[in-house]
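Structure record follows, encoded as structure tokens.
The values are calculated or read from the model by the stated rules, or taken from the named source; none is laboratory data. From a predicted model like this one, the values you see are computed outputs, not experimental measurements. Ideal geometry is used to build each Cβ from the backbone, glycine not excepted, and the neighbour counts take in all protein chains shown.
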Number of protein chains: 2
Amino acid sequence: MAISHLSSGEPISLMPYGKTVSGERSVALFKSEELEVIRLVLAAGKTFPSHSVPGEITLQCLEGSIEVTTDGDVQTLSANQLMFLAGGVDHGLLALTDASALLTIVLHR
Amino acid sequence: MAISHLSSGEPISLMPYGKTVSGERSVALFKSEELEVIRLVLAAGKTFPSHSVPGEITLQCLEGSIEVTTDGDVQTLSANQLMFLAGGVDHGLLALTDASALLTIVLHR
């Protein structure tokens with residue numbers, strides 16, 4: 001995932017990839033002083049193993065459907081849904097369909 | 001804007017309001033230790049006067065089209081576009097059409 005340093009005030013597209021989503025790659029949209037924002041792409045059946053980060057997170061499903069496991073709780077996050085995760089919470093992802101999602105992480109420096 | 005305190009891991013809807021958007025109100029989705037997340041609703045022609053906050057911001061247009069003025073620069077943010085604003089940057093909004101947007105603010109405490 002290449003990091004691109006976005007200028008303040010520059011619009012970036014979050015348009016759903018649609019039928020081409022499985023051919024796309026996860027991409028770091030930007031990393032600033034306080035935030036890292038990543039567009040995740042997960043093909044159906046792919047997982048993102050359970051882990052945690054110190055900062056708070058929002059995860060927004062842009063298309064498809066993702067199973068999110070947090071400290072043993074399992075939730076389904078579908079297109080146009082947002083989930084908040086407190087800092088330090090273990091979370092793992094499983095794509096139930098081809099999916100993309102916006103991950104916003106508060107950085108602790 | 002009432003603040004609801006969201007539990008970690010609870011999905012919340014960001015579905016576009018569609019034709020009913022002009023009858024909706026802005027709502028604070030949650031405020032945590034490090035983040036405040038608001039769904040803004042602006043009817044066509046309405047403004048959000050220029051101001052700044054200490055923390056970094058992302059503004060994501062969920063539907064419609066919003067003119068964003070930052071330190072004299074003018075950009076149009078349309079549905080499915082995200083904008084990053086550094087902390088302390090003056091920004092003002094003008095809805096070019098009925099619009100809703102997700103505003104994520106890093107809190108400084």
Next item on the list: Filter the range A:11-62 for residues that are within 12 Å of the chain's Cα centre (by Cα), of a type in the set (Val, Ile, Thr) and within 14 Å of chain B (Cβ to nearest Cβ) and give the result.
Entry: A:Val27, A:Val37, A:Ile38, A:Ile57, A:Thr58
Note to self: Report every pair of residues separated by at least 6 positions or lying on different chains whose Cβ atoms are under 9 Å apart, first residue within the range B:56-75 and within 26 Å of A:Gln81 (Cα to Cα), second charged (D, E, K, R) and in a strand (DSSP E or B).
What the structure shows: B:Leu62/B:Arg39
Margin query: I need a count of the residues in the range B:30-48 that are buried (at least 16 other Cβ atoms within 10 Å of the Cβ) and not hydrophobic (A, V, I, L, M, F, W, C).
Written below: 5
Check: Of the numbered conditions (1) among the polar types (S, T, N, Q); (2) within 28 Å of B:Asp73 (Cβ to Cβ); (3) modelled with pLDDT of 95 or more, A:Ser8 satisfies every one except a single condition; which is it?
Finding: (3)
Check: What number of residues within the range A:87-109 satisfy the criterion of being within 11 Å of chain B (Cβ to nearest Cβ) and buried (at least 20 other Cβ atoms within 10 Å of the Cβ)?
Finding: 5
